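The values are calculated or read from the model by the stated rules, or taken from the named source; none is laboratory data. Given the structure is predicted, the values throughout are model-derived calculations rather than measurements. For neighbour counting, all protein chains shown are included, and Cβ atoms are generated from backbone atoms with ideal geometry for every residue, glycine included. The accessibility values were calculated without ligands, DNA or RNA, using every heavy atom of the protein model including side chains. Shrake-Rupley method; radii C 1.70, N 1.55, O 1.52, S 1.80 Å.
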Amino acid sequence: MTNQREKESWIVFLDLLGTKDSAKISSSQYPLKIETFSHTLLEHAQNIQADVKVRFFADSVYLQCGSFSELVDFVAAVRWTLFSEQIFFKAAIARGELEDRPIVQHVTEGRLHPFDVSGSFFGPAAVGVYYAQESFKGIGFTIEKNALKADQVDRTCHSAFPVDDEASNWVAFRDIRHGGGEIGGPIPSVEEIEEQENTIAFLDTILEAALRANTKRKNLARYYLSQFISCIQSSNFEDIDFHDRQWRNFPPIFYHVFMNQSTRKGYQAIRGSRLLFFLIAAKVLETNGARSVPRYKDTACNAVCNEVVRALVSQKLTTEPFSKFPGDLIASDVLEDLGRRSVSLRMRGH
């Protein structure tokens, strides 16, 4: 018997970023980028075990898929492949069908010049997902939570993007969760970081692109923050510990943002990145510890909780108000606990 979920129809509108710059920089770079983009999409689309429609135009694509689970596997693979190649995009996912109606007309008889017309009209769902992508100010995917069934929500995660140059206002959205094969972890110790070299390289690529964006236009790097937030939200913080003055069993994103001095400075150069540090601290505090209660409620976990907050204090990240963070990302009671610990540490000279 076919699972009802597999009969659903979903559509994606995906728009390639940076094509204007590619066309300006080199006449060969633009077609090469488009070729890599289209080849990657078609290669992964052929692996979908469900009905599929793909409609390319310019540097964008519509894709319709008859299975949510297959669609998630597809978009995760496309994200990993293209982002690793420094090819970035923004995309929206919605429930519905393309309802595309092709228009083809080619007339030569009785005409001095050929008359050649081709294209498609699309239905209302396709128009809606296009505008959802237009309003999305990040990279990667956005999907409307209301379109998801209960057993589909776990394949997504909360994220957010800033809507102003100062990154003082944020819009919450849902992204496709990174799988363990993408986001990696846990890393037993810093000496064993090589075990997650692919994930570290993936994060390096996005951070480098963000910093390059800032050289083109002030605060342009903020568009990449949503992807780092999604990486944090997708990571496993259950086993992280602080023992013998060293972090143990930490996810790669924790190392990349918190522990590695070089990349940490890179993040701090991005306006709005303060949220990344607080979100990681919140994940450490709110995740259940060994006694199956959130660490911030368990006195046995005070050492690891205080240590992650001490890192925020030492980097002078706790001197500004905490109220500007999106509520969907950090629970108010966790933020209050974080605030109490930071005040206590500052008073004791941390």
(request) Among residues belonging to region 217-235 that are more than 15 Å from the chain's Cα centre (by Cα) and touching a residue at least 40 places away in the same chain (Cβ under 8 Å), point out the one that is nearest to residue 184 (Cα to Cα). (result) 219
(request) Select from region 318-338 the residues that are of a type in the set (Asp, Glu) and in a helix (DSSP H, G or I) and list them in ascending order. (result) 333, 336, 337
(request) Name the residue, out of 205, 199, that is touching a residue at least 40 places away in the same chain (Cβ under 8 Å) and farther than 12 Å from residue 234 by Cβ. (result) 205
(message) Residue under question is residue 251, and the condition is that it be under 27 Å from residue 75 (Cα atoms) and either in contact (Cβ under 8 Å) with a residue 60 or more places away in the chain or of a type in the set (D, E, K, R) (or both); does it hold?
(response) yes
(request) Output the qualifying pairs, or none if there are none: Cβ atoms under 6 angstrom, residues six or more apart or on different chains, first residue in region 331-349 and acidic (Asp, Glu) and surrounded by 14 or more Cβ atoms within 10 Å (Cβ to Cβ), second residue at pLDDT 95 or above and in a helix (DSSP H, G or I). (result) 337/296
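The rows are residues; the columns are (1) at positive phi; (2) assigned to a strand (DSSP E or B); (3) open to solvent by less than 30 Å² (accessible area, probe 1.4 Å).
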{"residue": "102", "(1), (2), (3)": "no, yes, no"}
{"residue": "106", "(1), (2), (3)": "no, yes, no"}
{"residue": "128", "(1), (2), (3)": "no, no, no"}
{"residue": "134", "(1), (2), (3)": "no, no, no"}
{"residue": "141", "(1), (2), (3)": "no, yes, yes"}
{"residue": "150", "(1), (2), (3)": "no, no, no"}
(message) Conditions first: (1) among the small types (Gly, Ala, Ser); (2) over 26 Å from residue 303 (Cα atoms); (3) assigned to a helix (DSSP H, G or I). Residue 262 passes all but one, so which condition is the exception?
(response) (2)
(message) Quick check on residue 110: is it part of a strand (DSSP E or B) and either modelled with pLDDT under 90 or over 26 Å from the mean Cα position of the chain (by Cα) (or both)?
(response) no
(request) Starting from region 162-185, take each residue that is hydroxyl-bearing (Ser, Thr, Tyr) and list its partners that are surrounded by 20 or more Cβ atoms within 10 Å (Cβ to Cβ) and modelled with pLDDT of 90 or more, counting only C-beta distances under 8 angstrom and pairs at least six apart or across chains. (result) 168/162
(request) Counting only residues that are acidic (Asp, Glu), give me the helices (runs of 4 or more DSSP H) lying completely in region 154-245 with at least 1 of them. (result) 180-183, 197-216
